[in-house]
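Asker: Quick one: the structure is below, and I'll ask about it shortly.
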Amino acid sequence: MDHEPMTLEDARALAQTAHRGQEDKLGVEYIQHVEAVAAGLLDFDLDIQIAGMLHDVLEDSHFTLDDLRARGVPERSLAAIEMVSRNLHPDLSYDEAILQISTSLDATLVKISDNAHNSRPDRVAALELVTGKPTNPRYARAREVLYEAAPADQVAKILRRVSPPLFRELPAAAVVVDSLQELFAIFDVADLDGLAGSIGDNLDPDVYPGDDPESAPELIVGRYGFSLEFPTTLAAFWDDVDQAEQWELDRVEATEP
């Protein structure tokens, strides 16, 4: 039976049917997770986005691969979905399953988006509060394997959409920051005071250069200061911080009797 090509809306409707009534450990409708995973893949082609939308259907519903095929899910999407569905690989440990996923770029991208959403700082903190247990370290181990299996720019596209704080796990030279707001997102803070608390005790910023926080350069002023001009890399930002801290140490040393 021939089908019209599946759209992302078709896949969303199928996911809504498969996950109807399901909630995650925080009591949130499960469909929100799969929609977030698919949204993390918006910079990729439709087959990958569909795989993201349907990545948990085989694990969490009565649907089978043949059911999805009969509903018009593309074969390429099916291959990625099959790869990330743990119930179809019962003999593999979690780490072994991640290694297998990493042999397929499509499956790797889907799993990076899935892992990134599950590893969002707000979600992790809420889960720890609800369960009373720390985050399972296997998710961080998985990211190390998955990041190695995909081009760095493709990893960055997903993290920028799903969980910018995970940028700090990538090589700093590869992370391009386009604005102060994006820098805030990477450090999971809302303002300069939060940024100061995240990067060092000596940084105590208090003003912007004018009324526009999006203007460049952004001047951070406090016990020491430096300008931020965007775009920049996270590596360049850290170099500025290190240099400013050295200036402060030199100043203190010079004023000591």
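Asker: Using alpha carbons only, how many degrees (0 to 90, rounded to 10) separate the axis of helix 8-18 from the longest principal axis of the chain?
Answerer: Value to nearest ten degrees: 70.
Asker: I would also like to ask the following. Taking the alpha-carbon centroid of each part, what is the distance from the stretch 99-130 to the stretch 45-81 in angstrom?
Answerer: 18
Asker: Determine ³J(HN,Hα), in whole Hz, for all residues of the stretch 162-175 in sequence, where each value follows from phi through the Karplus function 6.51 cos²θ - 1.76 cosθ + 1.60 and θ = phi - 60°; x replaces Gly and Pro.
Answerer: Each residue's phi maps through the Karplus curve to give 9, 7, x, x, 6, 4, 5, 8, 8, x, 4, 5, 8, 9 Hz.
Asker: Moving on. Below 21 Å, Cα to Cα, which lysines can Lys157 reach? Residues fewer than 8 away in the same chain don't count.
Answerer: Lys111
Asker: Hey, another quick one. Run the simple label-point estimate for Gln181 and Asp95 please: 7 Å along Cα→C-beta, distance reported in nm.
Answerer: The modelled label-to-label distance comes out at 4.2 nm.
Asker: Over the stretch 55-119, give the accessible area per residue in Å² for a 1.4 Å probe, as an integer.
Answerer: 41
Asker: How much length is gained if the chain between Leu249 and Gln32 is pulled fully straight, taking 0.36 nm per residue apart and subtracting their Cα-Cα distance, in nm to one decimal?
Answerer: Value of the extension gain: 73.3 nm.
Asker: OK, next. Which of these, Gly40, Gly52, Gly72, has the largest mean-square fluctuation under a Gaussian network model of the chain (Cα springs below 10 Å)?
Answerer: Result: Gly72 has the largest fluctuation of those listed.
Asker: Over the chain, what is the relative contact order in percent, taking alpha-carbon pairs closer than 8 angstrom and at least six residues apart?
Answerer: Relative contact order, the chain: 13 percent.
Asker: Let me ask you something else. In the stretch 1-91, which trypsin sites (Lys or Arg not before Pro) are in a loop and have at most 12 other Cβ atoms within 10 Å, using DSSP for the loop call?
Answerer: Sparse-neighbourhood loop trypsin sites (Lys or Arg not before Pro): Arg20, Lys25.
Asker: Pick out which of Pro137, Pro151, Pro164 has the largest mean-square fluctuation in a Gaussian network model of the chain, springs linking Cα atoms closer than 10 Å.
Answerer: Pro137
Asker: Which residue, Leu234, Leu88, Leu68, tops the fluctuation ranking in a GNM of the chain built on C-alpha contacts under 10 Å?
Answerer: Checking each option, the largest mean-square fluctuation is seen for Leu88.
Asker: Considering amide H positions built from the backbone, and no H for Pro or chain starts, which residues 5 or more places from Thr233, or on another chain, come under 5 Å of its amide H?
Answerer: Here the answer is Val177, since their amide H atoms fall under 5 Å of that of Thr233.
Asker: Continuing with this model, one more query. When only C-alpha pairs under 8 Å and at least 6 residues apart count, what is the relative contact order of the stretch 34-144, in percent?
Answerer: Contact order relative to length: 26 percent.
Asker: Can you put Trp247, Trp238 in order of accessible area, largest first, using a 1.4 Å probe? Before the final figure, lay out the partial values.
Answerer: On the way: Trp247 135, Trp238 85 Å².
The residues order as Trp247, Trp238, largest area first.
Asker: If you add up the charges near Asp47, with Lys and Arg at +1 and Asp and Glu at -1, over every other residue whose beta carbon is less than 14 angstrom from its beta carbon, what do you get?
Answerer: Combined, the nearby Lys, Arg, Asp and Glu give -4.
Asker: Between Ala39 and Thr7, what length comes free when the chain is fully extended (0.36 nm per residue of separation minus the Cα-Cα distance, one decimal in nm)? Kindly include the intermediate steps, with their values, before the conclusion.
Answerer: On the way: separation 32, 0.36 × 32 = 11.52 nm, distance 1.41 nm.
Net length gain for the segment: 10.1 nm.
Asker: If you don't mind, there's one more thing I want to ask. Can you tell me the orientation of helix 121-131 relative to the chain, as the angle in degrees between its alpha-carbon axis and the longest Cα principal axis, to the nearest 10?
Answerer: Taking Cα atoms only, the helix is inclined about 70 degrees.
Asker: Specify the angular offset, from 0 to 90 degrees and rounded to the nearest 10, of the alpha carbon long axis of helix 234-255 from the longest principal axis of the alpha carbons in the chain.
Answerer: With both axes taken from Cα atoms, the answer is about 30 degrees.
Asker: May I ask for the net charge around Ser104, where only other residues with Cβ less than 11 Å from the Cβ of Ser104 are counted and Lys, Arg are +1 while Asp, Glu are -1?
Answerer: Combined, the nearby Lys, Arg, Asp and Glu give 0.
Asker: Starting from the amide H of Tyr30, placed 1.01 Å from N in the peptide plane, find each other amide H under 5 Å away whose residue is 5 or more places distant or on another chain.
Answerer: Residues meeting the amide H criterion: Gln22, Glu23, Asp24.
Asker: Loop-only check: which GluC sites (Glu not before Pro) in the stretch 70-141 are DSSP coil with at most 14 other Cβ within 10 angstrom?
Answerer: Passing both the DSSP loop test and the Cβ count: no residue.
Asker: Oh, and also: Using a 1.4 Å probe over the heavy atoms of the protein chains, calculate the carbon and sulfur portion of the accessible area of the chain as a whole percent.
Answerer: Of all accessible area on the chain, carbon and sulfur atoms account for 51 percent.
Asker: Taking a quarter of the surface of the convex hull around the Cα atoms of the chain, what do you get in nm²?
Answerer: 17.4
The values are calculated or read from the model by the stated rules, or taken from the named source; none is laboratory data. None of the values given here were measured: they were computed from a predicted structure. Quick reminder, even Gly has a Cβ in these numbers, built from the backbone with ideal geometry, and neighbours come from all protein chains shown. Heads up: the accessible areas ignore ligands, DNA and RNA and are worked out on the full protein's heavy atoms, side chains in. Shrake-Rupley method; radii C 1.70, N 1.55, O 1.52, S 1.80 Å.
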